[in-house]
Amino acid sequence: MEYNINDFRFTYPESRTIIAWRGRHEICRGERILLSGASGSGKSTLLYGLMGLIPENVYGKIQGDILYRGKSIIHYPEQIKGKAGLILQNPAAQMLCRSVKEELAFGLENKRFAVNEIRNQISEWSQRLGIEELLERETSSLSGGEKQKVTLLSILMTHPDVLMLDEPTAFLDPESALEIMSIIKDYQAEKTLIFVEHNLNYLRDIITRNLHLDTQGEVIDQAAESIKWQSPLPHLKRTTTGKILLKLDNIRFSFSDKELLTGINLEIRQGEIIAIRGRNGSGKSTLLRIISGLQKKYTGEIILQGEKITTKGSRILNNDIGMLFQNPENHFLYNNIEQELSENIITGLQEEFLGKKQQSPFTLSEGEKRRLSTAIVCNVDKRILLLDEPTFGQDTINKQKLIKLLGSLRDKGLGIIIVSHDNAFLQALSTRTFELKAGKLQQIAE
């Protein structure tokens, strides 16, 4: 037996919500488990417990116990150290080193691998995952998807007996997600795999069992055959668009010695939702930063309602454009949720936080952080919204709520640009869809 979960309950500091996994549950060695349930129900918290991070690194009130191979890891977390690996939802929060090569070497150094063995492992695994060109890059310069790949690789290279993955495909383009899942599937022999994942279609050939947590803390144990692998999303009705709000004319951007954007031309109108897809590292987030005024080193012109904006006039863009960052924590300014939402009263986004007003936003689940950051951005008085991976960490119900919200903002005349790898979500609400490839936007026929 790998794990025994014995009526485990946990409460974060300043929170009135008790996260509960009621009853007794077992995870056997070699099983491939999906932990499912509503966003914020406690899936990631259980992973912290299974990893031995509670209460040593993640503080709060504990009831019940978690055993690893018959011994409590709540009281004796040292017994699981080096035997389990965890991929966090937010890869940026897991990176410790300046360069990619240093990040990949870090875990192997802690396990006292020889220098030559570390070099061989990095070379072999980076080729396998196709990230050789990233090895000399600084980790801070990577896209979200590139960080996800590096983080996964850094854990896989240490060969843990238990591998836990919290939304491993969240920032990956579909092609990269399939590549990652293929590697994990090959890796799984005699290893225990535990997943939290909302993009279930990637797990169809891997999962053997599902532990589903409901809102009352009751756990439903079911076979993989009972899982609903896909859930349809409601599509917004088409509407007419208004005048041009923003125009991009031949926008170019170079990163180091590489030209990332080679001539971007785009118009966005009132009442329009534009979707942008593309491979990891293709420049999607960089393009949003240029449009928002945060990235000033570019060539070409941005025209906002007929007025040319120079790089010195980026403050004008900030006044009219709202930006949802890929990392939701970049939006948080205060120590509690009440202050974050003091001026944000959007119906449908803020209600779930009413019982958590005094809780720090940084202690929320990643899905809750994304919804809180969305509430902050979408309630400001802007003409254009730029959303970078808005469905990160969101289940079907919350995606449906987001579609409804964005549809109402569109109908008020806002222009919205969404960057996402969630194709089903983009198809549900976009007016036009573009692929960012080889530095240019190519419109995709509907």
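The values are calculated or read from the model by the stated rules, or taken from the named source; none is laboratory data. Quantities reported herein were computed from a predicted structural model and do not represent experimental measurements. Glycine gets a Cβ as well: all are built from the backbone with ideal geometry, and neighbour counts include every protein chain shown.
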**Asked** Out of all the residues in the range 151-173, which are at pLDDT 90 or above, surrounded by fewer than 22 Cβ atoms within 10 Å (Cβ to Cβ) and within 15 Å of the chain's Cα centre (by Cα)?
**Response** none
**Complete:** Within the range 30-57, of all residues that are on the phi < 0 side of the Ramachandran plot and free of Cβ contacts under 8 Å to residues at least 40 places away in the same chain, the one surrounded by the fewest Cβ atoms within 10 Å (Cβ to Cβ) is 57
**Asked** Could we say that residue 387 is within 20 Å of residue 170 (Cβ to Cβ), in a strand (DSSP E or B) and either under 15 Å from the mean Cα position of the chain (by Cα) or at pLDDT below 90 (or both) here?
**Response** yes
**Prompt:** Can you tell me which residues in the range 216-231 are of a type outside the set (Ser, Thr, Tyr) and more than 19 Å from residue 45 (Cβ to Cβ)?
**Reply:** 222, 223, 224, 225, 227, 228, 229, 230
**Asked** Which residues, counting only those in the range 14-31, are under 22 Å from residue 193 (Cα atoms) and either outside the structural domain of residue 220 (by TED's automatic domain parsing) or not in a strand (DSSP E or B) (or both)?
**Response** 28, 29, 30, 31
**Request:** Look through 407, 393 and report the one residue that is under 24 Å from residue 230 (Cα atoms), in the same structural domain as residue 249 (by TED's automatic domain parsing), part of a loop (DSSP other than H, G, I, E, B) and not acidic (Asp, Glu).
**Result:** 393
**Prompt:** Since residue 307 meets every condition but one in (1) modelled with pLDDT of 90 or more; (2) over 30 Å from the mean Cα position of the chain (by Cα); (3) among the charged types (D, E, K, R), which condition does it not meet?
**Reply:** (1)
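State the number of residues belonging to the range 410-428 that are in a helix (DSSP H, G or I) and either over 20 Å from the mean Cα position of the chain (by Cα) or hydroxyl-bearing (Ser, Thr, Tyr) (or both).
2
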**Prompt:** Quick check: is even one residue across the range 174-189 of a type outside the set (Gly, Ala, Ser), crowded, with 18+ Cβ neighbours inside 10 Å and not in a helix (DSSP H, G or I)?
**Reply:** no
**Message:** Here is a list: 248, 172, 213. Which entry is closer than 22 Å to residue 42 by Cβ and either touching a residue at least 40 places away in the same chain (Cβ under 8 Å) or touching an Asp or Glu at 6+ places or on another chain (Cβ under 6 Å) (or both)?
**Reply:** 213
**Request:** Provide a single number: the residues in the range 219-236 that are in a loop (DSSP other than H, G, I, E, B) and modelled with pLDDT of 90 or more.
**Result:** 4
**Message:** Can you tell me which residue is farthest from residue 175 (Cα to Cα) among those in the range 260-281 that are under 19 Å from the mean Cα position of the chain (by Cα) and not basic (Lys, Arg)?
**Reply:** 275
**Message:** So for the range 58-69 (the condition being touching a residue at least 60 places away in the same chain (Cβ under 8 Å), in the same structural domain as residue 138 (by TED's automatic domain parsing), under 30 Å from residue 372 (Cβ atoms) and in a strand (DSSP E or B)), does at least one residue qualify?
**Reply:** yes
**Residue within the range 282-300 that is surrounded by fewer than 17 Cβ atoms within 10 Å (Cβ to Cβ), in the same structural domain as residue 407 (by TED's automatic domain parsing), under 27 Å from the mean Cα position of the chain (by Cα) and among the hydrophobic types (A, V, I, L, M, F, W, C) present** = yes
